[in-house]
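**Student:** Input: one structure, supplied below.
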Amino acid sequence: MPDLPKPAAIPEFPVCHARGGTSTGLILAREALPRDEALVEELLRHLMGVPLHGEWPGNTQITGLGRGGPTSNKVFIVERRPGETRMVSTLAQLAAGKSAIDWSVNCGNMSAALPLYALQRGWLEPGEGGGQIEIYNSNTQTTMYARLGFANGRLLSDTRIPGVNGVFPGVDLFLDKPVGAKTGALFPTGQRVDLLDGIAATCIDVAVPMVILRAADLGKNGEETPAQLDADPQFKARLLELMVLGGLRMGLRKRDGSLMSADDLRRSETIPKICIVSPAREGGDIATRYFTPQNAHPSLAVSGGCCLAAACLAEGTVAHAL
């Protein structure tokens, strides 16, 4: 028999698969990755199971570690540079049906997994009152501090998330100077309310730029489930156009510094975020449905929560009025 060719070696990479808040994704060590950015992106596509080229509508990611929705298609690349004690994080946001990777924003929920990774790597030490680490995010060039709780030197696991089974270690995240993370201003348009095609909107930037609209102005009561909102094509089309108008008004930019076009914004998986707000029922101060921006979020992103909280406190905004 003829000699058969030897099979090619399969490259192996250390991968941490983690839940952070309401998100799931991967944490990869920078030193284990190729230096070439194109090879890194190719690796991420393979790991998460998204198309290697172009688009693939309906992709279920059966060959990867992604789980379909945008909240479960996140990858953090992390490192601790020589001579520094802080951790540096870089987020890649992937989409199930696209090969394009968005590097423009941070993820507050997934960031909650980073101090646990740091603990495993020996970058975070338990101390009096807990263990804390500084995290610098390269996407937004902002800093946060993450704190874990310990008792008698052991990690506390005492936190529940509504809708998630089990009890887990709680993580406190403190965002340092998050205002204007992408645009340099709290209200990037210079207004607390803008009219976008006749609809009142607040465009705000706290950790991430976001457009806030009244649900009633879009024919909704604000109590619809995320699935019901995603199943309404007319509503989603209207929401997308308002997101595009808000992004253009805010002057959002791509990774290379150039302004985003209307087409760039329509394809964006990350900015600007958009939410609808309504009066709170059954307790609370305000009700919201949040979008990532292409899909309704099953809960609320940490960064979007920062925007909404700031808008609620600032007189003259759409949210403050409610």
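**Student:** Return the pair list, or none, for Cβ contacts closer than 8 Å from residues in the stretch 212-225 that are closer than 18 Å to Thr292 by Cα to residues that are of a type in the set (S, T, N, Q) and open to solvent by 60 Å² or more (accessible area, probe 1.4 Å), at least 6 apart or on different chains.
**Tutor:** Ala215/Asn221
**Student:** Okay, next question. Within the stretch 1-26, which residues are closer than 25 Å to Glu79 by Cβ and part of a loop (DSSP other than H, G, I, E, B)? Break it down into steps so the answer makes sense when it comes.
**Tutor:** Within the stretch 1-26, the subset closer than 25 Å to Glu79 by Cβ is 10-21, 23-26.
Ile10, Pro11, Glu12, Phe13, Pro14, Val15, Gly21, listed by residue number.
**Student:** Moving to a separate point now. Out of all the residues in the stretch 251-266, which are open to solvent by 10 Å² or more (accessible area, probe 1.4 Å) and closer than 24 Å to Cys306 by Cα?
**Tutor:** Step one: list which residues in the stretch 251-266 are open to solvent by 10 Å² or more (accessible area, probe 1.4 Å), which gives 251, 253-264, 266.
Within the stretch 251-266, Gly251, Arg253, Lys254, Arg255, Met260, Arg266 qualify.
**Student:** For the stretch 247-281, give me each residue that is in a helix (DSSP H, G or I) and either in contact with a helix residue (DSSP H, G or I) (Cβ under 8 Å, 6 or more places away or on another chain) or over 24 Å from Ala92 (Cβ atoms) (or both). Break it down into steps so the answer makes sense when it comes.
**Tutor:** Here is the first cut: in the stretch 247-281, the residues in a helix (DSSP H, G or I) are 247-250, 262-267.
Listed by number, the residues that qualify are Gly247, Leu248, Arg249, Ala262, Leu265, Arg266.
**Student:** Mind checking which residues of the stretch 147-190 are small (Gly, Ala, Ser), closer than 29 Å to Ala201 by Cα and surrounded by 11 or more Cβ atoms within 10 Å (Cβ to Cβ)?
**Tutor:** Going through the stretch 147-190, the residues small (Gly, Ala, Ser) turn out to be 149, 151, 153, 157, 163, 166, 170, 180-181, 184-185, 190.
Subset that is closer than 29 Å to Ala201 by Cα: 180-181, 184-185, 190.
Those that are small (Gly, Ala, Ser), closer than 29 Å to Ala201 by Cα and surrounded by 11 or more Cβ atoms within 10 Å (Cβ to Cβ): Gly180, Ala181, Ala185.
**Student:** Can I ask one more? From Pro226, Pro233, Pro209, grab the single residue that is at negative phi, open to solvent by 60 Å² or more (accessible area, probe 1.4 Å) and not hydrophobic (A, V, I, L, M, F, W, C).
**Tutor:** Only one candidate qualifies: Pro233.
**Student:** Determine the pairs where a residue that is touching a residue at least 12 places away in the same chain (Cβ under 8 Å), located within the stretch 244-260, has a partner that is part of a strand (DSSP E or B) and basic (Lys, Arg) with Cβ atoms under 9 Å apart, the partner being 6 or more residues away or on another chain.
**Tutor:** From the stretch 244-260, the pairs are Met260/Arg253.
**Student:** Look through the stretch 92-122, keep the residues that are free of Cβ contacts under 8 Å to residues at least 60 places away in the same chain and over 15 Å from Ile77 (Cα atoms), and return whichever of them is surrounded by the fewest Cβ atoms within 10 Å (Cβ to Cβ).
**Tutor:** Gly122
**Student:** If you don't mind, there's one more thing I want to ask. Answer yes if at least one residue in the stretch 210-225 is in a strand (DSSP E or B) and either within 14 Å of Gly251 (Cα to Cα) or out of contact with any strand residue (DSSP E or B) (no Cβ under 8 Å at 6 or more places or on another chain) (or both), and no otherwise.
**Tutor:** Yes, the stretch 210-225 contains a residue that is in a strand (DSSP E or B) and either within 14 Å of Gly251 (Cα to Cα) or out of contact with any strand residue (DSSP E or B) (no Cβ under 8 Å at 6 or more places or on another chain) (or both).
The values are calculated or read from the model by the stated rules, or taken from the named source; none is laboratory data. Keep in mind the model is a prediction, meaning the values are calculated, not measured. No Cβ is skipped: glycine too gets one built from the backbone with ideal geometry, and neighbour counts run over all protein chains shown. Each accessible area value is taken on the protein alone, full model and side chains, heavy atoms only, with ligands, DNA and RNA left out. Shrake-Rupley method; radii C 1.70, N 1.55, O 1.52, S 1.80 Å.
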